[in-house]
Amino acid sequence: MTDRKTARPAGQSEPLSEPLSEPLGEPLGEPLGEPLSEPRSKPLSEKPPDQPRDGSPLHAKDRAWSGRFSEPVAQFVLSYTASIGFDQRLARADIQASLAHASMLAAVGVLSAVDLARIEQGLAQVWTEIEAGTFEWRVALEDVHLNVEARLTELAGEAGKRLHTARSRNDQVATDLRLYLRREVDRLLEEIGAVQGSLVELAAAHTDTVMPGYTHLQVAQPVTFGHHLLAYVEMLERDRERFVDARGRLNRLPLGSAALAGTTFPIDRERVARDLKFEAVCQNSIDAVSDRDFAIELCAAGALMMVHLSRLAEELVLWLSPGFGFIELPDHLTTGSSIMPQKRNPDVAELARGKSGRVIGHLVALLTLIKGQPLAYNKDNQEDKEAVFDTVDTLHATLRAFAELVAGIRVNRDAMRRAALQGHSTATDLADYLVRRGVAFRDAHEAVARAVRRADELGCALPQLPLQELQALAPQIGADAFEVLTLEGSVAARDHVGGTAPSQVAAQVRCWQKALEQRAALTPNPSPASGRGE
Ligand code: ARG
């Protein structure tokens, strides 16, 4: 029976250099090595175990479920109901939670110290096998929980069979998913910070680079490129806040709820919560096993973030197109065409725009999944996993892509400036000038609109209209009006908090640089790809 034969039976495994009880303070951190975001795995084993080697009911599951049934479960039922093909990635969280549960059971006297030691050793061995890719995942054992438990029982014997005392897969999976998501959120927060960092650095170099600001994708008013970039930093900051906020509600312990009603054993849920670094214990067992609102909230925050990133993606696509020509990307961040030799395509940005649809889809799928479910746990909930996992993967990949893309942007200042000179972009400045000369805004608006029309008739830009032409429309206009009609004059005049003036943008850049630096200093593992966020 494959690699399992090679594994040492319980009691004979090498003592771990780091005791497994250690991770309870720092859940499965260093002692179990650099975690894999997805356990490496052998192909799923479809075959049922030949013999129930240790008499564990888990090994006989394909033949009879816990002795309750008189005939084997149909093959299609096994494969239809199995989640092991995708929930393997909960293994780390599952083992963490089992360690905390076992330790608590021993502390309250439900489990002997000897059994606890065997379980701890066995689970360490299970994790080693999972990390090494030698663990044999079996469809017949349905999901990650039963696969881990069955292997543990092979390794630890009776002790392994005692682990499931005072819990159910219902509170187990709810706990695992929360642990998994908490860790992923922490990584997402770092990755958001990296994108913000790239945007802020680019903004720092372009506090006074003028570009056209658009409404309706028509040239509206000149803005500074730095200001435009910082708009995305603000959006991402609110996305970040939403993740942090959702993390707070997520970080509560369902374990101890058992199937739905709690357990008859004298469990210490606070202790388990402390071990697993949950901030609180879920106060209602029925709610704790049945709701997945925490996953929905994260997908909602993720969907909104993808919507924000899709807007930036769209702008990158536009700015890169020859019609705009505002920016360039280095070759290693663009792709070619298989037929048109001259093409350089912004595929990454386009895909990010496209992938936003997929994350929004997952959010809708999750909402629909929970809608109308009677309390408490229903198997429907197993369907949450793929949506959640794909959301998490898409968010990580997209954030990493944007950190690189933005850092790679090269700006064509002249193209931006030329475009800003189009469309009479400083017309509002002339209206504001007239207002300062005592003209009511509506009248000023009307006079400038006529000036724009006149400029169009003469085929020139508004600032090129002769003074006499302007004065014919509004006698209050003096020669100094031409200063407010320049791009630089226009942006510099918007000198208040939130305005596009270079001095304001520079101040904002400094604020963000400071905030991001402080945040990075607080983060234990500042590398976005570190994968460790406990
Ligand atoms: N794989 C299941 C899930 O993801 C675990 C819980 C199964 N519970 C049960 N009573 N069948 O939801």
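The residues of the chain expose, per residue, 45 Å² of accessible area to a 1.4 Å probe. Per-residue SASA remark: residue 512, around 30 Å² accessible (1.4 Å probe; ligands, DNA and RNA not included). Ligands, DNA and RNA left out, the 1.4 Å accessible surface of the chain is 54% carbon and sulfur atoms.
Restricting the calculation to Cα atoms, region 208-329 yields a radius of gyration followed by a Dmax of 23.1, 71 Å. Mean residue ellipticity at 222 nm, helices only, the chain: -18000 deg cm²/dmol; runs of at least 4 DSSP H residues each add -39,500 (n - 2.57), and the sum is divided by the number of residues. Residue 277: which aspartates and glutamates have alpha carbons under 14 Å from its alpha carbon, excluding same-chain residues fewer than 8 sequence positions away? The qualifying aspartates and glutamates are 22, 26, 176, 186, 534. Beyond 30 Å in Cα-Cα separation lie the following of the pairs 161/371; 355/379; 343/385: 161/371; 343/385. Rg then Dmax, both in Å and based on the Cα atoms of the chain: 30.6, 101. Shape analysis of region 416-461 yields a ratio of the Cα radius of gyration to the Kirkwood radius, Rg/Rh, of 1.03. As a rough guide to protection, the peptides 95-101, 417-423 ranked by mean Cβ packing within 10 Å, highest first, stand as 95-101, 417-423.
Among residues other than residue 491 whose Cβ falls under 12 Å from its Cβ, what is the net charge (Lys/Arg +1, Asp/Glu -1)? Display every interim value, and only then the final one.
On the way: positive: 417, 494; negative: 208, 429, 488, 495.
Its environment carries a net charge of -2.
Net charge near residue 481: determine it from the other residues with C-beta under 13 Å of the C-beta of residue 481, scoring Lys and Arg +1 and Asp and Glu -1.
Details: positive: 436, 437; negative: 429, 432, 469, 480, 483.
Charge balance near residue 481 sits at -3.
Taking amide H positions as modeled 1.01 Å from N, with prolines and chain starts lacking one, the residues under 5 Å from residue 345 and 5 or more places away or on another chain are 335, 336.
Amide H to amide H distances under 5 Å link residue 213 with 220, 221, 223, where only residues 5 or more positions off or on other chains count and H is placed in the peptide plane. Subtracting the Cα-Cα distance of residue 237 and residue 514 from 0.36 nm times their residue separation leaves 98.3 nm of extension gain.
Under 5 Å from the amide H of residue 281 lie the amide H atoms of 253, each residue being 5 or more positions distant or on a separate chain, with H modelled from the backbone and absent for Pro and chain starts. Any chance you could check the Cα centroid distance between region 273-331 and region 214-240 for me, in angstrom? If we compute the Cα centre of each part, the gap is 19 Å.
The values are calculated or read from the model by the stated rules, or taken from the named source; none is laboratory data. The structure displayed is predicted, hence computed values, not measured ones. Using ideal geometry, Cβ is built from the backbone for each residue, glycine included, and neighbour counts are taken over all protein chains shown. Heads up: the accessible areas ignore ligands, DNA and RNA and are worked out on the full protein's heavy atoms, side chains in. Shrake-Rupley method; radii C 1.70, N 1.55, O 1.52, S 1.80 Å.
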